[in-house]
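Notes follow the structure.
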Amino acid sequence: MAGLAEERESMKPHTVRRTSLLIALLFLVFFLSSQAGFSVPSGADISFNSTEYGPTRPPDMRNDTRGTITTVILNAVQQDQHWKAYIGNISGSYSLDDASNYTIYDWDLTGTITGQVYASRWSNVSWSSISCASHSLIIAESTFHNMTSAKPDRINATFNWSIHKEFQVGGNTIPQSTCNSTVTYVSDTRQVPTTSSPYQEVLVMDTTNSYLIYMTSINDGSTGYNDQTNDFQLIVAESDIKSSPTPYYFYVELR
């Protein structure tokens, strides 16, 4: 009996070590699953680029007889120098990759593609802390692009609505109709925003770094501003005085 007791005592350290190892493994599994519970937007590859400029508008003329006073109303449409737009289609896949970008398996996307497209002046957005863009950040971004409070096309005057659907951005929920928003045109026609409007665009921010982000929903094969089918339409601010255009980084989050 003494020998059996001694054997049991000698087994206790091994049992404790196995129990501790099991607890550690369970904790690791729980930690990894909690971190991987949601996806974050990924950088998008741009495979095609076609840039169009506004039309050249010829001037009207008059040929009035001498000795007259003619009152005229002049109406001019001038290409806006504070904004630029991006439109296009979305393709992609779901993939299981490691940190070295080796793929063990992937799935081609079929059917209707949903999600969001993002554009930001920053390539290091922290997607763990996304919320509505603050008023102070919007004003600061306007100042960066030389948009004074007197400009009718300033950012807060363009995104002057707060009507949009609920968005999921990584692990963050953007509640319905809480952020500055707008909608781009459909068939050359201004749209009145609703929570179900196509081509909604919303201003959000990376609160960790105070980065402004333009966010728009993916509308697979919807009629766009030019009567062609687009998956997304996006307008972003630009300076009218800088010698070089502002670069923007694009991200996509697929649903």
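By the count of other C-beta atoms within 10 Å, a proxy for reagent exposure, H145, H164 are ordered fewest to most as H145, H164. As a proxy for reagent exposure, E166, E253, E238, E52 were ordered by neighbouring Cβ count within 10 angstrom, fewest first; the result is E52, E166, E238, E253. The angle between the Cα long axis of helix 135-144 and the main principal axis of the chain comes to about 60°, on a 0 to 90 degree scale. 3J(HN,Hα) couplings calculated from phi for region 88-94 with the Karplus curve 6.51 cos²θ - 1.76 cosθ + 1.60 (θ = phi - 60°) are, in sequence order, x, 10, 10, 9, x, 7, 8 Hz; Gly and Pro show x. In whole Å, how far is the Cα centre of region 34-97 from that of region 114-140? Using only Cα atoms to place each centre, the spacing works out to 21 Å. For the chain, the tally of Lys pairs with Cα-Cα distances below 25 Å comes to 4, considering only residues 8 or more apart or on different chains. Seen against the Cα atoms of the chain and their longest principal axis, helix 2-35 is set at about 10 degrees. From least to most packed, judged by other beta carbons within 10 angstrom and beginning with the fewest, L109, L212 follow the order L109, L212.
Bear in mind that the values in this text are calculations on the coordinates, not laboratory data. Because the structure is predicted, anything quoted here is derived from the model rather than measured. Neighbour counts run over all protein chains shown; Cβ positions are idealised from the backbone, glycine included.
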